[in-house]
Amino acid sequence: MTAYLAHYKSPVAADVRGSGVFEFESDARAGSKENQHDARMRMLELFGKDAASWIIEKVERKTAKSETLDGQLSLDFRPVKKRRKRRTKEYW
């Protein structure tokens, strides 16, 4: 079985709001109806009836890089590149 990550989001008018990422396994090919069905069933197992109206936005194959993702954004502490000033001539 191949591991996948599914990104889900609740509708704006939903009683129970939620968004995030969860992991599931599937034998089906990525992007197929069977793969979407496996993702939906796993989401319902995890979150119960609250997730009935939630939408699965994207399904992607799990990679070594995505293991650290876990639905949390990472901060970037690299120095900011300074932009060069542009000189413009005024023709008055």
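Taking every protein chain into account, the accessible area of the chain amounts to 91 square angstrom per residue (probe 1.4 Å). Converting the Cα gyration tensor eigenvalues of the range 1-49 into ellipsoid dimensions via √(5λ) gives semi-axes, longest first, of 22, 10, 9 Å. Compared with the dominant principal axis of the Cα atoms in the chain, helix 33-47 is inclined by about 80°.
Using a probe radius of 1.4 angstrom, the carbon and sulfur fraction of the accessible surface of the chain is 50%. Sorting the segments 38-47, 11-20, 80-89 by their mean number of nearby beta carbons within 10 angstrom, highest to lowest, gives 38-47, 11-20, 80-89.
Size of the chain: Rg and Dmax of its alpha carbons, in Å, are 20.6, 70. With 0.36 nm allotted per residue and the present C-alpha distance subtracted, the residue 78-residue 1 stretch has 24.0 nm of extension available.
Here the chain is assigned +1 on the Cβ of each Lys and Arg and -1 on the Cβ of each Asp and Glu. Its dipole about the Cα centre then comes out at about 1360 debye.
The calculated 222 nm mean residue ellipticity attributable to helices in the chain amounts to -5500 deg cm²/dmol, summing -39500 (n - 2.57) over DSSP H runs of n ≥ 4 and dividing by all residues.
The values are calculated or read from the model by the stated rules, or taken from the named source; none is laboratory data. Please read these numbers as outputs of a predicted model, since none were measured by experiment. Backbone-built Cβ (ideal geometry, glycine too); neighbour counts: all protein chains shown. What goes into the accessible areas is simple: the full protein's heavy atoms, side chains included, and nothing from ligands, DNA or RNA. Shrake-Rupley method; radii C 1.70, N 1.55, O 1.52, S 1.80 Å.
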